[in-house]
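S.K.: One structure is given below, represented as structure tokens, and several questions about it will come after.
The values are calculated or read from the model by the stated rules, or taken from the named source; none is laboratory data. Keep in mind the model is a prediction, meaning the values are calculated, not measured. Neighbour counts run over all protein chains shown; Cβ positions are idealised from the backbone, glycine included. Calculation scope for accessible area: heavy atoms of the full protein, side chains included, ligands and nucleic acids excluded. Shrake-Rupley method; radii C 1.70, N 1.55, O 1.52, S 1.80 Å.
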Amino acid sequence: MTDPAITEDLIAAHGLKPDEYARILEIIGREPTFTELGIFSAMWNEHCSYKSSKKWLRTLPTEGPQVICGPGENAGVIDIGDNQAVIFKMESHNHPSYIEPYQGAATGVGGILRDVFTMGARPIAAMNSLSFGEVAHPKTRQLVHGVVEGIGGYGNCFGVPTVGGEVRFDPAYNGNCLVNAFAAGLADADKIFYSAASGVGMPVVYLGAKTGRDGVGGATMASAEFDESIEEKRPTVQVGDPFTEKRLMEATLELMATGAVISIQDMGAAGLTCSAVEMGDKGGLGVKLQLDDVPQREAAMTAYEMMLSESQERMLMVLRPEKEAEARAVFEKWDLDFAIVGETIPEDRFLILHGNSVMADLPLSKLSSEAPEYDRPWVETPPTDPLDPESVPGVDPIDGLRALLSSPNYAAKQWVYEQYDTMVMADTVRTPGLGAGVIRVHDTSKMLAFTSDVTPRYVKANPEEGGKQAVAEAYRNLTATGATPLASTDNLNFGNPEKPEIMGQFVGAISGIGAACAALDMPIVSGNVSLYNETDGTAILPTPTIAAVGLIKSEDEAILDLPRDGHVALLVGETQGHLGQSALLAEVFNRVEGDAPPVDLDVEKRNGDFIRANHALIKACTDLSDGGLALAAFEMAEAGGVGVQIDSDDMGELFGEDQARYLIACNFDQAEALMLAAGQAGVTVRTVGRFSGADVRFGKSSAPLDELTDTYRSSFEAALG
Amino acid sequence: MHAAVIVFPGSNCDRDLAVAFERAGAKVSMVWHKDTDLPDGVDMVGIPGGFSFGDYLRCGAIAANSPICRSVVTHAERGGYVLGICNGFQVLTETGLLPGALRRNANLKYICKPVELRVEDCDTVFLRGYKPGQLITVPIAHHDGNYYLDDAKLAQLRDEGRIAFTYVSNPNGSVADIAGVVSRNGRVLGMMPHPERMAEPAHGGTDGKAMFDGLLDALAPA
């Protein structure tokens, strides 16, 4: 088979702009071969190069005493004491999941797990943040079923507990769903593995599953908008095999223990190309690959296909040559492929040989260092008019709550998370459902809390405050378990960055996220950017998902109980009654109006520190977010199986979404002590009601807890099951 | 008690089961599926949950033909004890040590949640820690836990008192709400729920611990 000629159409089909192609000609001084064009396309697409976002990502806080390794490796690494480290990252698989929901979501989980165990960590927790179109849209139900089954199918078989996540619905996602997968792993802090190659003439080893034609061009596909030709893109979606991934993880960790690994990199987007270039580039070395030695699933694969395949469950490693036999034995034990496919070379060269032909011969370092970087034009998102509270009609507060509980956005999501194994590894302390998920660090009394948060309608209305809010909510969810937030990972999902308004959303959100991460000491240690989430010119809501990890140093520090009959309901934080962009406004009145609630980061910090300092006085705690006090009070009551009475019937007080607030359940004596402590700490705390009986009452309006629970527990399945 | 926990390449509850045995006081050996013999002195074999060989077709079918499973069958035939949990139960039905088969859940979905079980009147050392009729809460986590056997075999199981656990509220479509059954001699138990996931206060309950404690009581600590 002869390679096609390099034409303008072929260049465009590879997602390369004319000026980008001109730069390629300049770098290599000749026309690229077909394989080389593919390699450039793989390295320079938005997904792999971050060319539109890099400039702004550099502004994020990424350091702190707790950070062992920030962005730039496969995942971020955080110190949790006792020579233990948590390694975590969140990554999107949006485009593939919309095209082929089961496999798209499954391989999203597979990719993020690989990022974690590539660094030497055994995955111990997973989460997923999912955004779908409106429930009534004909594609939504199929996407929800496929994505949830795909996540479960992969994670359950692999054997990692899914401990948290989000599911939301909004018409803005009708043409582009979002699947953001998070994984965290545990490793010894002094045994972390990195991707930089070292040493000349070292064998480059291919590990794992065989290479097929699946996923060829996947990263390029994920860097473009969708249109009516979407069905033609199905072959660009990879197919996952969690059983192979499980074996690959076990074999990789076993291999690392033998001391055979100099550097290692998983094959994710743009497979062999990206992983080989990354290892060479970071180590200041060249790489030579002999493609005939690559384990192949299909006959007659071309160099182009092998270099761009996104077949799953593969790794590339630079091996200590004296350990070859030992390393090979580990992979044979697990019945996985182990093949020496090349070596490190001293010159700055990416040399790809197939048979007797040179298929690519490129200056390796320039593939990443010369990748385009854009300072895309952007316009600031214009300020939104504040909501006129007088314009919100009165509604019975229990009816308001009922409306939220009947919406799949706020109804209980057990239909989703019961399809995930939430308990494998037998260290899960709190399964999904109420606030952050919590797992125990195996064989210790330490615990880790995990959460993922963002309120996209806030970000749309006010990117900067919305960006801050996502971080603040993650901070609060961790804090409510008693955890000290340690660090975050961001998954930035936006529309087409070539549009100045979209770029403006991005710039604003980054600014807010950066400010909040700095103020709350939750540096961003890893992350992922997903742009071009548009279909026929319509963009998603800006959705910068923040996933964060917190540490509970001992069981005593944890706040994991539930409210009991007789507990006092205490509200921490100031309530202004901010109804702009609220869940109530959206779900009851179908109005998306007003500004996002402002976030005061000093108050967030002060109130969070107050909760931690007084954990011993707090039985149960939850953060207030969408749905305000009303939804938080109901969720706590439902979890504890006890009614709740809130004295106020004011809509702003019940449904306002002011930030920096928590709802606490505790005994009367503890409430008194908390008030005293609050006075000293300058924190606002007041009694808003109590947990008792079998009814939920707001002011004079009430309904049986059982009836509301039934609505809360059945609405999701009724709409989507 | 010396327990061997079998490790297939896709087992993912092997550590969890080993921890539960160890916390109850047993000596535990992990045994690789390619091994042909159980370690000397093993009186209990645990076959853990997971996806032994990916289980893309019939769960446990490949595992049942692995080298170690021949030794497990011999061990059981000689009167040895075997506990198969979840995928382990599927493997035991595939080896023929236990009757019936595990089909896809009736709702065709994976289900992971705590469920209530009734301890049946069944003469087996595995239930020594419980009383007949006792209700316990233990999680399930499976896609293929819908236990099936024909009427004649069901009648036989009932006659012989071999139903160990039933679901109070059937989550998966199992015949006669069956969650676990034993062999004729009572020494092989297969069950879909995971007692090892409800064995410490941090798990949110300890109803599963009683099984391991009961076993240790009966089969003196190693």
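S.K.: Any idea which of (1) more than 14 Å from every other protein chain (Cβ to nearest Cβ); (2) under 16 Å from residue A:118 (Cα atoms); (3) assigned to a loop (DSSP other than H, G, I, E, B) is the one residue A:312 doesn't satisfy?
M.R.: Here residue A:312 meets the rest and fails (1).
S.K.: Sticking with this structure for a sec: Going by what's in this entry, would residue A:622 be described as surrounded by fewer than 19 Cβ atoms within 10 Å (Cβ to Cβ), within 24 Å of residue A:408 (Cα to Cα) and hydroxyl-bearing (Ser, Thr, Tyr)? Give the derivation first.
M.R.: Values: surrounded by fewer than 19 Cβ atoms within 10 Å (Cβ to Cβ): no; within 24 Å of residue A:408 (Cα to Cα): yes; hydroxyl-bearing (Ser, Thr, Tyr): yes.
No, not satisfied.
S.K.: If you go through region A:77-135, how many residues are aliphatic (A, V, I, L, M), part of a strand (DSSP E or B) and farther than 26 Å from residue A:535 by Cα?
M.R.: Residues flagged as aliphatic (A, V, I, L, M), part of a strand (DSSP E or B) and farther than 26 Å from residue A:535 by Cα within region A:77-135 amount to 9.
S.K.: Which one of A:385, A:337, A:427 is at pLDDT 95 or above and either touching a strand residue (DSSP E or B) at 6+ places or on another chain (Cβ under 7 Å) or over 30 Å from residue A:40 (Cα atoms) (or both)? Show your work before the answer.
M.R.: Details: A:385 fails: at pLDDT 95 or above; A:337 fails: at pLDDT 95 or above.
Exactly one residue qualifies, and that residue is A:427.
S.K.: In region B:158-179, what residues are over 19 Å from residue B:85 (Cβ atoms), open to solvent by less than 40 Å² (accessible area, probe 1.4 Å) and either part of a loop (DSSP other than H, G, I, E, B) or of a type in the set (Asp, Glu) (or both)?
M.R.: Selection gives B:161, B:173.
S.K.: If you take the residues in region A:492-539 that are over 22 Å from residue A:375 (Cα atoms), at pLDDT below 95 and touching an Asp or Glu at 6+ places or on another chain (Cβ under 7 Å), which one is least open to solvent (accessible area, probe 1.4 Å)?
M.R.: Filtering region A:492-539 down to residues over 22 Å from residue A:375 (Cα atoms) leaves A:516-523, A:525, A:535-536, A:538.
With at pLDDT below 95 added as a condition, the list becomes A:535-536, A:538.
Checking the rest, the ones that are also touching an Asp or Glu at 6+ places or on another chain (Cβ under 7 Å) come to A:535-536.
Numbers: A:535: 31, A:536: 112 Å².
Here the answer is A:535.
S.K.: Please determine whether any residue of region A:661-673 is more than 22 Å from residue A:407 (Cα to Cα), open to solvent by less than 10 Å² (accessible area, probe 1.4 Å) and of a type in the set (Ser, Thr, Tyr).
M.R.: Scanning region A:661-673, I find at least one residue that is more than 22 Å from residue A:407 (Cα to Cα), open to solvent by less than 10 Å² (accessible area, probe 1.4 Å) and of a type in the set (Ser, Thr, Tyr), so the answer is yes.
S.K.: Turning to a different aspect of this structure: Looking at region A:581-590, can you tell me whether even one residue there is without any contact (Cβ under 8 Å) to a residue 60 or more places away in the chain and open to solvent by 50 Å² or more (accessible area, probe 1.4 Å)?
M.R.: Yes, some residue in region A:581-590 is without any contact (Cβ under 8 Å) to a residue 60 or more places away in the chain and open to solvent by 50 Å² or more (accessible area, probe 1.4 Å).
S.K.: For region A:464-477, which residues satisfy the criterion of being within 17 Å of the chain's Cα centre (by Cα) and open to solvent by 10 Å² or more (accessible area, probe 1.4 Å)?
M.R.: Once the filter is applied, which keeps residues that are within 17 Å of the chain's Cα centre (by Cα) and open to solvent by 10 Å² or more (accessible area, probe 1.4 Å), region A:464-477 yields A:468, A:473, A:477.
S.K.: Can you list the strands (runs of 3 or more DSSP E) found entirely within region A:315-431 that contain at least 2 residues being under 30 Å from residue A:137 (Cα atoms) and within 14 Å of chain B (Cβ to nearest Cβ)?
M.R.: none
So that you can scan it fast, the table gives a plain yes or no per residue for (1) modelled with pLDDT of 95 or more; (2) within 17 Å of the chain's Cα centre (by Cα); (3) open to solvent by less than 10 Å² (accessible area, probe 1.4 Å):
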{"position": "A:437", "(1), (2), (3)": "yes, yes, yes"}
{"position": "A:441", "(1), (2), (3)": "yes, no, yes"}
{"position": "A:449", "(1), (2), (3)": "yes, yes, yes"}
{"position": "A:455", "(1), (2), (3)": "yes, yes, yes"}
{"position": "A:462", "(1), (2), (3)": "yes, no, no"}
{"position": "A:479", "(1), (2), (3)": "yes, no, yes"}
{"position": "A:486", "(1), (2), (3)": "yes, yes, no"}
{"position": "A:489", "(1), (2), (3)": "yes, yes, yes"}
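S.K.: Quick check, is residue A:122 closer than 27 Å to residue A:523 by Cβ and among the basic types (Lys, Arg)?
M.R.: yes
S.K.: Scan region A:189-203 and give yes if some residue there is over 21 Å from residue A:240 (Cα atoms), touching a residue at least 24 places away in the same chain (Cβ under 8 Å) and open to solvent by less than 10 Å² (accessible area, probe 1.4 Å), otherwise no.
M.R.: Within region A:189-203, one or more residues are over 21 Å from residue A:240 (Cα atoms), touching a residue at least 24 places away in the same chain (Cβ under 8 Å) and open to solvent by less than 10 Å² (accessible area, probe 1.4 Å).
S.K.: Could you tell me which of the residues A:702, A:714 is open to solvent by 40 Å² or more (accessible area, probe 1.4 Å) and outside any strand (DSSP E or B)? If you could, list the steps in order and put the result at the bottom.
M.R.: Values: A:702 fails: outside any strand (DSSP E or B).
On inspection, the qualifying residue turns out to be A:714.
S.K.: Among the numbered criteria (1) open to solvent by less than 10 Å² (accessible area, probe 1.4 Å); (2) at pLDDT below 95, which one does residue A:100 miss?
M.R.: Among (1) open to solvent by less than 10 Å² (accessible area, probe 1.4 Å); (2) at pLDDT below 95, the lone unmet condition for residue A:100 is (1).
S.K.: Of all residues in region A:129-153, how many are away from chain B (no Cβ under 13 Å), open to solvent by 10 Å² or more (accessible area, probe 1.4 Å) and not basic (Lys, Arg)? Break it down stepwise before answering.
M.R.: Start the filter on region A:129-153 by keeping residues that are away from chain B (no Cβ under 13 Å), which leaves A:129-143, A:147.
Restricting the remaining residues to those that are open to solvent by 10 Å² or more (accessible area, probe 1.4 Å) gives A:134-139, A:141-142.
Remaining after also requiring not basic (Lys, Arg): A:134-138, A:142.
Residues in region A:129-153 being away from chain B (no Cβ under 13 Å), open to solvent by 10 Å² or more (accessible area, probe 1.4 Å) and not basic (Lys, Arg): 6 in total.
S.K.: Every residue in region A:323-353 that is among the small types (Gly, Ala, Ser), touching a residue at least 12 places away in the same chain (Cβ under 8 Å) and farther than 8 Å from residue A:288 by Cα, please.
M.R.: Across region A:323-353, the qualifying residues are A:327, A:339.
S.K.: Please find, among A:502, A:510, the residue that is assigned to a helix (DSSP H, G or I) and touching a strand residue (DSSP E or B) at 6+ places or on another chain (Cβ under 7 Å). Working first, answer last.
M.R.: Details: A:510 fails: touching a strand residue (DSSP E or B) at 6+ places or on another chain (Cβ under 7 Å).
When all the criteria are applied, what remains is A:502.
S.K.: In this structure, does residue A:489 turn out to be among the polar types (S, T, N, Q), away from chain B (no Cβ under 14 Å), outside any helix (DSSP H, G or I) and touching an Asp or Glu at 6+ places or on another chain (Cβ under 6 Å)? Break it down into steps so the answer makes sense when it comes.
M.R.: Details: among the polar types (S, T, N, Q): yes; away from chain B (no Cβ under 14 Å): yes; outside any helix (DSSP H, G or I): yes; touching an Asp or Glu at 6+ places or on another chain (Cβ under 6 Å): no.
When the stated conditions are applied, residue A:489 does not pass them.
S.K.: Go through region B:180-212 residue by residue and tally those that are within 12 Å of chain A (Cβ to nearest Cβ) and either without any contact (Cβ under 8 Å) to a residue 12 or more places away in the chain or assigned to a loop (DSSP other than H, G, I, E, B) (or both).
M.R.: The total comes to 9.
S.K.: Tally the residues that are within 34 Å of the chain's Cα centre (by Cα), open to solvent by 60 Å² or more (accessible area, probe 1.4 Å) and aliphatic (A, V, I, L, M), restricting the search to region A:7-43.
M.R.: Total meeting the criteria: 2.
S.K.: Filter region A:20-68 down to residues that are farther than 30 Å from residue A:546 by Cβ and assigned to a helix (DSSP H, G or I), then give me how many there are.
M.R.: Matching residues across region A:20-68 total 17.
S.K.: Do we find a residue being over 24 Å from residue A:424 (Cα atoms) and not charged (D, E, K, R) anywhere in region A:121-131? Break it down stepwise before answering.
M.R.: Of all residues in region A:121-131, those over 24 Å from residue A:424 (Cα atoms) come to A:131.
This time we only want the ones that are not charged (D, E, K, R), so: A:131.
Looking through region A:121-131, at least one residue is over 24 Å from residue A:424 (Cα atoms) and not charged (D, E, K, R).
S.K.: What do you reckon, is residue A:351 modelled with pLDDT of 95 or more, surrounded by 15 or more Cβ atoms within 10 Å (Cβ to Cβ) and out of contact with any helix residue (DSSP H, G or I) (no Cβ under 7 Å at 6 or more places or on another chain)?
M.R.: So residue A:351 passes the test.
S.K.: Further question on the same structure: For residue A:114, which of the numbered conditions (1) basic (Lys, Arg); (2) crowded, with 24+ Cβ neighbours inside 10 Å; (3) within 14 Å of chain B (Cβ to nearest Cβ) fails to hold?
M.R.: (3)
S.K.: Is there a residue in region A:276-296 that is within 25 Å of residue A:159 (Cα to Cα) and either of a type in the set (Lys, Arg) or open to solvent by less than 10 Å² (accessible area, probe 1.4 Å) (or both)?
M.R.: no
S.K.: In addition: For region A:434-478, how many residues meet the condition of being charged (D, E, K, R) and either without any contact (Cβ under 8 Å) to a residue 40 or more places away in the chain or assigned to a loop (DSSP other than H, G, I, E, B) (or both)? Write out each step before concluding.
M.R.: Residues of region A:434-478 that are charged (D, E, K, R), as a first pass: A:440, A:443, A:446, A:453, A:457, A:460, A:464-465, A:468, A:473, A:476.
Right, trim to either without any contact (Cβ under 8 Å) to a residue 40 or more places away in the chain or assigned to a loop (DSSP other than H, G, I, E, B) (or both) and you get A:440, A:443, A:446.
So the count comes out to 3.
S.K.: Just give me the residues in region A:154-178 being part of a strand (DSSP E or B), more than 10 Å from chain B (Cβ to nearest Cβ) and open to solvent by less than 10 Å² (accessible area, probe 1.4 Å), in sequence order. Steps first, answer last, please.
M.R.: Here is the first cut: in region A:154-178, the residues part of a strand (DSSP E or B) are A:162-169, A:178.
Restricting the remaining residues to those that are more than 10 Å from chain B (Cβ to nearest Cβ) gives A:163-169, A:178.
Listed by number, the residues that qualify are A:163, A:178.
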